[in-house]
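What follows is a set of notes on a single structure, which appears directly below.
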Amino acid sequence: MSTFEKPGFLAIELDGAGWDGAHLTRAVLAAESAGFHAATFTDAPAPGRANALQRAAFAGPVTHTIALVPEVDTVYTEPFHVSTQLASLDYVSGGRAGWIATAADAPGAAAAVGRASVAGEALGQEAAASIEVSRRLWDSWEDDAVIRDVATGRYIDVDKLHYVDFQTPADFSGAGYSVKGPSIIPRPLQGQLPVLVPASLLGEVPADAVDAVLVTAPAAELLAAEVRDVRARVGASVAVIAELDVVLDARGQAAAARDAAFDGGRAAFAGSAAGLTDFLSDLLRAADGVRLHPASLFVDLEELGRLVLPELRSRGVLRPVVQDGTFRDLLGLERPASRYATVSAAAAGTGK
């Protein structure tokens, strides 16, 4: 049997669950029961559906181990609101929250909020600024800021709350802004939520500002090489996660015969559960994790949970599911001190 020096993890995109509370509950519990380490939620607008962060928050109280990672836009959403809503998600999920920071060319979204459309390199600048604002706000309450001192009638030690004083840089492409702070809610349970970005944003978004990078390739056979290229750019301290569309032989129907509507920009695998197991075993030698995008959520999730994940686990390819742990635990990240902490300032580092 092959041995793996560093077993990987699997995430699954649950967008196919739509927005019906019963369907979403069924999907996220099935993913957790199957042994997936993380569930992600896309932010593509759809009539009558709550946004990705709201769907992740709904899943928080009904799950126990699976990390919940919504896509949240950094261009047309106020950074202060992004930061506080994600911190709230960390509380309702018991420290299992993460953030896929997105920045897309979206004229419709720009028109909806009365902004000029953002494109090109400016998207990366918007994302970098939003991530920096959020990280500073998460640090703006020291961990022991809430004191609940009945004798003095004080709930908060105001000396442990801090202004973040963020200003967009002088070369910022969009309209500059500032954020004073502090946050309106206490520091998240994880201190800092893990931040994931698509590899396309690297450059304007510094590698040391993120915890993981999502990697795409135009074909499955090119994916491992693309993962190795990105890893060389970001270093070993940033997790590299491969993106893969999946359609499996299922319910007596060959994958090729199923009507799979894929993204088109991602590598895709179509075939048997055994074939996918072998493919993932090889891919996880290069990548820290893989995010699967099932063609039909409930059909493919059934095959993944019944055949693929058990075999990967028996081969030693997958990390154990973290019981009572955080998303940072899954990624092997320590809980950082607040950069503003008055006692442990020397150990605070960047606060990432």
Just one of Trp138, Trp99 is more than 20 Å from Ala52 (Cα to Cα) and surrounded by 24 or more Cβ atoms within 10 Å (Cβ to Cβ); which is it? Trp138
Members of region 76-105 that are in contact with a strand residue (DSSP E or B) (Cβ under 8 Å, 6 or more places away or on another chain) and outside any helix (DSSP H, G or I): Ser93, Arg96, Ala97, Gly98, Trp99, Ile100, Ala101, Thr102, Ala103, Ala104
Flagged pairs (Cβ under 6 angstrom, 6 or more apart or on separate chains; first in region 101-130, under 23 Å from Pro206 (Cα atoms); second hydroxyl-bearing (Ser, Thr, Tyr)) are Ala101/Thr74; Ala103/Thr74; Ala122/Ser173; Gln125/Ser173; Glu126/Thr74; Ala127/Thr74; Ala129/Thr168; Ser130/Thr74
Looking at Val150, Val118, Val92, Val113, which one is aliphatic (A, V, I, L, M), under 24 Å from the mean Cα position of the chain (by Cα) and open to solvent by 60 Å² or more (accessible area, probe 1.4 Å)? Val92
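Conditions (1) within 25 Å of Val118 (Cα to Cα); (2) not aromatic (Phe, Trp, Tyr), marked per residue:
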{"position": "Phe172", "(1), (2)": "yes, no"}
{"position": "Arg187", "(1), (2)": "no, yes"}
{"position": "Gln192", "(1), (2)": "no, yes"}
{"position": "Leu202", "(1), (2)": "yes, yes"}
{"position": "Asp208", "(1), (2)": "yes, yes"}
Within region 45-67, tally of residues that are in contact with a Phe, Trp or Tyr (Cβ under 7 Å, 6 or more places away or on another chain) and open to solvent by 10 Å² or more (accessible area, probe 1.4 Å): 3
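Conditions tested, residue by residue: (1) outside any helix (DSSP H, G or I); (2) among the polar types (S, T, N, Q); (3) open to solvent by less than 30 Å² (accessible area, probe 1.4 Å).
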{"residue": "Ala217", "(1), (2), (3)": "yes, no, yes"}
{"residue": "Leu222", "(1), (2), (3)": "no, no, no"}
{"residue": "Val230", "(1), (2), (3)": "no, no, yes"}
{"residue": "Asp245", "(1), (2), (3)": "yes, no, yes"}
{"residue": "Ala256", "(1), (2), (3)": "no, no, no"}
{"residue": "Ala260", "(1), (2), (3)": "yes, no, no"}
{"residue": "Asp263", "(1), (2), (3)": "yes, no, no"}
State all residues of region 289-321 that are of a type in the set (A, V, I, L, M) and under 15 Å from Lys6 (Cβ atoms); if no residue qualifies, say none. Val290, Leu312, Val317, Leu318
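The values are calculated or read from the model by the stated rules, or taken from the named source; none is laboratory data. Please read all numbers here as calculations on a predicted model, not as lab measurements. Cβ atoms come from the backbone with ideal geometry, glycine included; neighbour counts cover every protein chain shown. Accessible surface is based on the protein model in full, side chains and every heavy atom, while ligands, DNA and RNA are left aside. Shrake-Rupley method; radii C 1.70, N 1.55, O 1.52, S 1.80 Å.
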